[in-house]
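First comes the structure, then the notes that go with it.
The values are calculated or read from the model by the stated rules, or taken from the named source; none is laboratory data. Treat the numbers as computed from the prediction; the structure is a model and nothing was measured. Cβ atoms come from the backbone with ideal geometry, glycine included; neighbour counts cover every protein chain shown.
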Amino acid sequence: MYHQVKDTMTPEEYVESVLQGLRKDPVLSFLIQCGRVPTGVVRNYLDDEESVNYGVLMEWKNPFLYD
């Protein structure tokens with residue numbers, strides 16, 4: 001989780017490392033596996049120590065509307 005590496009990488013680098021499969025994140029890895037795509041980092045998303053108050057905006061394209 002991001003709080004463990006906050007001193008060595010930015011939130012964007014963390015998300016990219018999860019996308020590349022270099023790191024597992026219980027939430028991000030699951031959502032990516034379900035077809036969600038990270039589109040950006042949201043600062044001060046919520047008061048949370050583990051995420052250091054960051055969130056990730058995820059996009060999901062409805063497979064019934066897109067080919």
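Restricting attention to region 53-67 and to residues that are among the hydrophobic types (A, V, I, L, M, F, W, C) and crowded, with 16+ Cβ neighbours inside 10 Å, the residue that is nearest to Val5 (Cα to Cα) turns out to be Val56. Annotation note: Cβ proximity below 6 Å between a residue of region 33-48 that is modelled with pLDDT of 95 or more and a residue that is in a strand (DSSP E or B) and among the small types (Gly, Ala, Ser) (sequence gap 6+ or interchain) occurs for Val42/Gly55.
Per-residue answers, yes or no, for (1) surrounded by 14 or more Cβ atoms within 10 Å (Cβ to Cβ); (2) part of a strand (DSSP E or B):
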| position | (1), (2) |
| --- | --- |
| Val18 | yes, no |
| Leu22 | no, no |
| Ser29 | yes, no |
| Thr39 | no, yes |
| Leu46 | no, no |
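One residue stands out among those in region 1-16 that are part of a helix (DSSP H, G or I) and free of Cβ contacts under 8 Å to residues at least 24 places away in the same chain: the one that is surrounded by the fewest Cβ atoms within 10 Å (Cβ to Cβ), which is Gln4.
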